[in-house]
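For reference, the structure discussed in these notes is given below.
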Amino acid sequence: MTDTTSIIQNSLFEINWMAQSDLPLLAILQLLPLTVALLMLFFKGRGRAAAQVAMLTLVVEAMVALQLYHGFDSATSALQFGEHLTLLAPLNYHAAVDGMALLFILLTAILGVMVVLYGWQVLPEEEHPHFMATVLFIVATLMSLLTTQNLLWFILMSAIQLVPIGTLLRAWSTSPEKDEAVTRFIQFMSIGLLLLFIGTFLLGWNYAEQHHGVWSFDLIELQSTPVPTAIHSILFFLLFYGFAIRVPLFPFHGWLPSIAEHGTVAIAPVFLLGLKTGIYGILRFVLPLMPEAVIQWSPYVIAFAIVGIFYAALLAMIQVNLRRLLAFAVVSHTSIIIIGLFSLNHLAFQGSVLLSINFGLAISGLLLMNGLIFYRTRTLLMSRLGGLFDQLPVIGIAFFISGLSIMGMPGTPGFDAAHLVIEAAMEHYGALPTIAASLGNVVAAGFLLWAFQRAFLSNLNHKAEEVAVHSIARASTKENLLALMVIVTLLIGEVFSESWMELLDHSFDNLTQLYTVEHPDRAELK
């Protein structure tokens, strides 16, 4: 414990706030969509204007995110673009980014634009103001989650985010059983938030005990405060289980199939599944705060992840609904990220983040294309689909490329990331568990390609007259534009994969050093 504390005090939390910009870019990322969302309350009867303003807002968000990327110094491990504001002591505003957070911010901006374009196409114009305001509010909370260095702030933003997410699920669901699905979702998420809050409270109490009654939930200050061995594992389980529900990781995924089948086809799931905030939270808070417990319990986490891969793959085999098939594919592929994450070395951290970004883009592409299919056919039962490629070729290509990206095929952004994760896992856990996990992942991904063949290429079942191909109109300009955005984003992700790796190269130097101190035999894996 002494060596770990020394690393914490001497190098792990040495912060070099770099003056890359005179503007508070992180505050702009949070406040811009929030301000416009509030203004949307006055857009009643002006649906088209609401959609246009929302799109412009998120394009500006993307430009601000690109400005962050342009000014980011990837040659240092220091947190950058730091912003401070004194509020109530436990909730002091403290925002900063590293390479990991920056990649998630870029992903959020891109997915925000896609969701607005999707809603603009599939929803009635009179619903646009309410819908666009809800989406912008979610983007604002996500930007806050990805920039804050305060654990309590992170949890409060996660709780606030449940309100607009729940609104999306209730207001734009397509199933008569939506209330039961939303109730289950709220129950699971509330339990996760409760676990996170209890763990955070104990960390703050531990800090206060060692600092004369002064409470703090700032990550840097919590990291520099030793945690008693007696509660180390308890804190790990509270925080890890809280984030595992959000991931979702087997066996904490019970809310996902229900939401996938009875919730919104694409809108809410893009924010819940496309953005791996649970993975981000584990990397940002759990791994730095409780290294001893992480090392102690990592073999058990890996075991559950491997079981989850095959469990989800087997259930994906028997699904007849594209929504539920996609839900189990998410559980299976997220388990791969967890295996990489808990390999606890530099390659593992780097590869897991890259996989999270790739899965986020790919799963969002699949969700959005599912949504467009449903918009055209009013069904996602595979027995009632077939031959869609003739009428919806661009949507079919986007679905296909997204499925390949999930598998990590060469030519997709997931290839390099999957290679890093597999290499790190094999070094730490050996060949057998790694190969088994990889095979399970391929099986689950294979069913996505089978779903593509069934929906787009196979002959239409003669019993499915109500969705006969000849009755389906060709995709509109907005639909084709959305599909092209998915395709181009995934292909660009592969072209710039080396740049993303460089962006992350030093982001995990301090975390890697921490786990090298805890386990010196991992030093060669950096």
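Below are the figures for this structure:
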{"item": "Of residues in the stretch 374-394 being over 15 Å from VAL320 (Cα atoms) and of a type in the set (A, V, I, L, M, F, W, C), the one modelled with the highest pLDDT", "result": "VAL394"}
{"item": "Hits in the stretch 207-233 (condition: under 21 Å from ILE295 (Cα atoms), in a helix (DSSP H, G or I) and touching a helix residue (DSSP H, G or I) at 6+ places or on another chain (Cβ under 8 Å))", "result": "LEU219, LEU222, GLN223, THR229, ILE231, HIS232, SER233"}
{"item": "The stretch 258-276, subset in a helix (DSSP H, G or I) and over 17 Å from the mean Cα position of the chain (by Cα), residue farthest from TYR311 (Cα to Cα)", "result": "HIS262"}
{"item": "Which numbered condition THR35 fails, given (1) part of a helix (DSSP H, G or I); (2) buried (at least 18 other Cβ atoms within 10 Å of the Cβ)", "result": "(2)"}
{"item": "Some residue of the stretch 493-511 being modelled with pLDDT under 85, under 21 Å from the mean Cα position of the chain (by Cα) and aliphatic (A, V, I, L, M)", "result": "yes"}
{"item": "Condition met for LEU249 (touching a Ser or Thr at 6+ places or on another chain (Cβ under 9 Å) and part of a loop (DSSP other than H, G, I, E, B))", "result": "yes"}
{"item": "Residues that are of a type in the set (Phe, Trp, Tyr) and under 24 Å from LEU283 (Cβ atoms), drawn from the stretch 206-227", "result": "TYR207, PHE217"}
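To keep it simple, each residue is scored yes or no on (1) under 30 Å from PRO90 (Cβ atoms); (2) modelled with pLDDT of 90 or more.
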| site | (1), (2) |
| --- | --- |
| GLU125 | no, no |
| LEU136 | yes, yes |
| LEU142 | yes, yes |
| LEU146 | yes, yes |
| MET157 | yes, yes |
| GLN161 | yes, yes |
| THR167 | yes, no |
| ALA181 | no, no |
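The values are calculated or read from the model by the stated rules, or taken from the named source; none is laboratory data. Worth saying up front: this structure is predicted, and the values here are computed from it rather than measured. Every residue, glycine as well, gets a Cβ built from its backbone with ideal geometry; the counts of neighbours run over all protein chains shown.
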